[in-house]
């Protein structure tokens, strides 16, 4: 019993320690944008663009496929459930709101956590083990400025962009399905969606995506930089990063919805 | 106790024998990892133009000493001065200026695996200077030539052999023309021929570029080949600081054990061992 309590206590302390470390890291990453030039170490725009390409542009095909699938799936379920009440013609309301407020940010968050968050953790943990981070420090290059800030900025720009893209693709693919099933024109479906959507709904989804982007970047960096134990440690850090990121995304999503929607 | 108390001994091993202010001064240095003490009251000076080899067995504290010297760790007590400046009291910009004057070649090379060899070598120039691309290319090519790596600049680090990786790491370490260069286990993992070629490179760098060089190694043959003076570390304490010849002829039993790779009889108290491990955790 005492042993179990001790284990719980140790893990709780370690968890708090990591949260503190993550908070400090986030603050330092953002601070480098402001103080970089004064410290003769500006954040390079080229590094941010490289990250934006890797996180955003290269993820477009898979993001498009998943968003289209989610859109069609929502259309099928929406038509079925509303059909029970003979209200299929109102399916566009559920589709428009659930895609923009919930499914797009969530699916893009999970996709980027699995794709880019894990890559970030693997890259940083390998660099830590190979002393590459030490090498950067002795050269005089701050690793947070050089590695973390560009990744964070890349995420902060591209995750909302991908979310917007996912909104478009999700609603369009749902529209194609609905227009076929209900024999209404695609244009009429789009006009109804535009009519029902407010800027607030889009901002709700985009707000979430900004939070998810921050969580994915920081969780990836924390797990990557705290790695121990060689190649096995790299695998552990990568897995841990994905599990933590997805858990954090789902929990944050619920808390965000609770605070903003009620 | 050290056989030689360094501050009172004039350095005459390197070609420049004129007394000059030491490049490195270490005074009463202690270091801990968690609750475990690694270094105990280390005092040492390294003079301009000399090659100082820090030697010792596994767990002697030589790697910790190197990490303290290059500013990767902070000591729990004591002072480290590089070029007369206490490195633990410098502001960020002063530390950056100091870092431009030192180079470090890590054991495994520590080249960034996502960059080519040439990009790795140019990295300090790109990040810390405002030189144009053409000048950086010329400087990188020169350093590749110095380290016998001409023509390998476009390869990725994963495409290099162990010896080439280490030479590429040296090329990156000297790209800013530092006056102080650190090597961590330069011959580790290399066959004797390649290790000897790397020793020659270290000697050439000292002679041609007038660098002060600190080499941390457990390779005795290499140490005697390149060292002007040798510091022997044992269990976190300095056993001796002296010329290579004096170290070879030392009557100290521990030094002779190290030189002849003789394992020492050590009574291990299981309780103490467990306490140390718990301390590490």
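The values are calculated or read from the model by the stated rules, or taken from the named source; none is laboratory data. Quick caveat: nothing in here was measured; it's all calculated off a predicted structure. Here the Cβ positions follow ideal geometry from the backbone for every residue, glycine too, while neighbour counts run over all protein chains shown.
A count restricted to segment B:92-102 and to residues that are within 30 Å of residue B:190 (Cβ to Cβ) and facing chain A (nearest Cβ under 8 Å) stands at 3. Scanning segment B:112-141 for residues that are more than 14 Å from chain A (Cβ to nearest Cβ), out of contact with any helix residue (DSSP H, G or I) (no Cβ under 7 Å at 6 or more places or on another chain) and in contact (Cβ under 8 Å) with a residue 12 or more places away in the chain yields B:116, B:137, B:141. Would it be correct to say that residue A:139 is within 30 Å of residue B:94 (Cα to Cα) and more than 14 Å from chain B (Cβ to nearest Cβ)? So residue A:139 does not fit the description; no. Here residue B:115 clears all of (1) within 20 Å of residue A:46 (Cβ to Cβ); (2) crowded, with 19+ Cβ neighbours inside 10 Å except the condition numbered (2). Return yes when residue A:47 is touching a helix residue (DSSP H, G or I) at 6+ places or on another chain (Cβ under 8 Å) and at pLDDT 95 or above and no when it is not. So residue A:47 does not fit the description; no.
Conditions (1) within 21 Å of residue A:69 (Cα to Cα); (2) away from chain B (no Cβ under 14 Å); (3) within 13 Å of the chain's Cα centre (by Cα), marked per residue:
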position: A:107; (1), (2), (3): yes, yes, yes
position: A:127; (1), (2), (3): no, no, no
position: A:131; (1), (2), (3): no, no, no
position: A:134; (1), (2), (3): no, no, no
position: A:143; (1), (2), (3): no, no, no
position: A:150; (1), (2), (3): no, no, no
position: A:161; (1), (2), (3): yes, yes, yes
position: A:169; (1), (2), (3): yes, yes, no
position: A:174; (1), (2), (3): yes, yes, no
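Evaluate segment A:177-197: report whether one residue or more is within 14 Å of the chain's Cα centre (by Cα) and away from every other protein chain (no Cβ under 13 Å). Within segment A:177-197, not a single residue is within 14 Å of the chain's Cα centre (by Cα) and away from every other protein chain (no Cβ under 13 Å). Exactly one residue out of A:124, A:65, A:82 is in a helix (DSSP H, G or I), buried (at least 16 other Cβ atoms within 10 Å of the Cβ) and without any contact (Cβ under 8 Å) to a residue 60 or more places away in the chain, and it is A:82. When the helices (runs of 4 or more DSSP H) confined to segment A:139-251 are screened for residues that are closer than 22 Å to residue A:44 by Cα, those reaching at least 3 such residues are found at A:149-182, A:199-225.
Does residue A:221 satisfy being surrounded by 19 or more Cβ atoms within 10 Å (Cβ to Cβ), farther than 22 Å from residue A:257 by Cα and in contact with a helix residue (DSSP H, G or I) (Cβ under 8 Å, 6 or more places away or on another chain)? Give the steps one after another, and end with the answer.
Details: surrounded by 19 or more Cβ atoms within 10 Å (Cβ to Cβ): yes; farther than 22 Å from residue A:257 by Cα: yes; in contact with a helix residue (DSSP H, G or I) (Cβ under 8 Å, 6 or more places away or on another chain): yes.
Criteria met by residue A:221.
Among the numbered conditions (1) within 15 Å of the chain's Cα centre (by Cα); (2) not in a loop (DSSP other than H, G, I, E, B), the only one that residue B:31 does not meet is (1). Residue count for segment B:51-79, restricted to those that are touching a helix residue (DSSP H, G or I) at 6+ places or on another chain (Cβ under 7 Å) and either within 14 Å of another protein chain (Cβ to nearest Cβ) or closer than 15 Å to residue B:217 by Cα (or both): 11.
Of the residues making up segment B:154-161, none is under 21 Å from residue B:51 (Cβ atoms) and buried (at least 20 other Cβ atoms within 10 Å of the Cβ).
Going by the conditions given, is residue A:92 more than 14 Å from chain B (Cβ to nearest Cβ), buried (at least 22 other Cβ atoms within 10 Å of the Cβ) and over 27 Å from residue A:220 (Cβ atoms)? So that I can check it myself, show each step before the final result.
Working: more than 14 Å from chain B (Cβ to nearest Cβ): yes; buried (at least 22 other Cβ atoms within 10 Å of the Cβ): yes; over 27 Å from residue A:220 (Cβ atoms): yes.
Considered against the rule, which asks whether it is more than 14 Å from chain B (Cβ to nearest Cβ), buried (at least 22 other Cβ atoms within 10 Å of the Cβ) and over 27 Å from residue A:220 (Cβ atoms), residue A:92 comes out as yes.
A single entry from B:147, B:135 fulfils the requirement of being buried (at least 22 other Cβ atoms within 10 Å of the Cβ) and more than 18 Å from residue A:131 (Cα to Cα): B:147.
For segment B:81-91, which positions are surrounded by 14 or more Cβ atoms within 10 Å (Cβ to Cβ) and either more than 18 Å from the chain's Cα centre (by Cα) or within 14 Å of chain A (Cβ to nearest Cβ) (or both)? Give the steps one after another, and end with the answer.
Taking segment B:81-91 as the starting set, the residues that turn out to be surrounded by 14 or more Cβ atoms within 10 Å (Cβ to Cβ) are B:81-83, B:85, B:87-88, B:90.
Scanning segment B:81-91 gives B:82, B:85, B:87, B:88, B:90.
In the set (1) surrounded by fewer than 16 Cβ atoms within 10 Å (Cβ to Cβ); (2) at pLDDT 95 or above, residue B:19 fails one condition alone, (2).
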